[in-house]
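Here the structure is laid out as structure tokens; the discussion comes afterwards.
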Amino acid sequence: MMKPLLTVAALLLASPVAAQHSFAAPEGCEAKLTVQQKGCVMVNVWTCEADEKGDQWIALIGQTGVFSIQRVDDEFQWMETYSVMGNEALMEPVEDPSSLTELFANQVDTWDFTIETEEGPERNVGFDMLTGQTIEIDGETLYETEFQGQTLDEDGNVLDTSSGRQYVSKDHRLFFFGQSWSDEAPDQITDMSPVEFIYPGEPGFFAAEPVFECNQIETSYQP
């Protein structure tokens, strides 16, 4: 369960950050993985000695540079996020935490958690479900998921709804973007599926710029 792709697409368009030509993990941290994806987006993943065991940092990078950096725990809970749209942090205790362990054990994981944003608390409610299908992308075995979710403000007003398909890795304990659409326009699909998985020592590892489907006006299509 990642931040909905439609929100990510909006962040990509809004990002004012200048394009970078290099990227490095912070001091005391170790670079782990780069994933180049469709839709002119990529992620760099690293871990830090000072964090809890299993925590990972994910930098989301678009054509204009880094637009979001997020720390997730071993269950892929969103612990904290720093983005061009403002900073966010998980409010604890959590009503129904997102859990990779539950997803892999029971084929479905419900979640109900609240994020403190600069505009106020936002409640996220929904589920991830394994479809039973696996796919191999660039040598990586990924499990296909379906998700539905809503984001509500503190008064219960719906701010965002989305549905889609994503991918999850047992080895990395990470979700990766797939396809997403809104309830209002289900034929408008945003696709940011993985294309390449790059490890330390390989060309393109911890690059600073995405390479697939860039310089395109839109990242969505109609099937």
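Bear in mind that the values in this text are calculations on the coordinates, not laboratory data. Worth saying up front: this structure is predicted, and the values here are computed from it rather than measured. Using ideal geometry, Cβ is built from the backbone for each residue, glycine included, and neighbour counts are taken over all protein chains shown.
Divide the volume of the convex hull of the Cα atoms of the range 5-217 by its number of residues and quote the answer in cubic angstrom per residue. Don't jump to the answer; show the numbers that get you there.
Values: hull volume 27.6 nm³, N = 213.
In the range 5-217, the Cα convex hull volume per residue is 130 Å³.
With all pairs of different alpha carbon atoms counted, what Kirkwood hydrodynamic radius in Å does the range 95-184 show?
On the way: mean 1/r = 0.0714 Å⁻¹.
By the Kirkwood definition, the hydrodynamic radius is 14.0 Å.
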- Query: For the chain, what's the relative contact order in percent, using C-alpha pairs closer than 8 Å and at least 6 residues apart?
  - Reply: 23 percent
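On full extension of the chain, what length is gained from Val158 through Met129, given 0.36 nm per residue of separation minus the C-alpha to C-alpha distance? Don't skip to the answer; put the middle values down first.
Working: separation 29, 0.36 × 29 = 10.44 nm, distance 2.21 nm.
In short, 8.2 nm is gained.
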- Query: Which one of Val125, Val43, Val158 has the biggest mean-square fluctuation once the chain is modelled by GNM with Cα springs under 10 Å?
  - Reply: Val158
- Note on the structure: Under a Gaussian network model of the chain whose springs join Cα atoms within less than 10 Å, the largest fluctuation of Pro97, Pro203, Pro121 belongs to Pro203
- Take the Cβ-Cβ distance between Ala185 and Asp74 as r, set R0 to 41 Å, and report the resulting FRET efficiency rounded to the nearest 0.05. 0.70
- Rounded to the nearest Å, what's the spacing between the alpha carbon centres of the range 114-161 and the range 172-201? Just the number, please. 12 Å
- Report, in deg cm²/dmol and to the nearest 500, the calculated mean residue ellipticity at 222 nm for the chain, where each DSSP H run with n ≥ 4 adds -39500 (n - 2.57) and the sum is divided by the residue count. -2000 deg cm²/dmol
- Per-residue Cβ neighbour rank within 10 angstrom, fewest leading, Asp138, Asp73: Asp138, Asp73
- Query: Hey, any idea what the orientation-averaged projected area of the convex hull of the range 101-149's Cα atoms comes to, in nm²?
  - Reply: 4.7 nm²
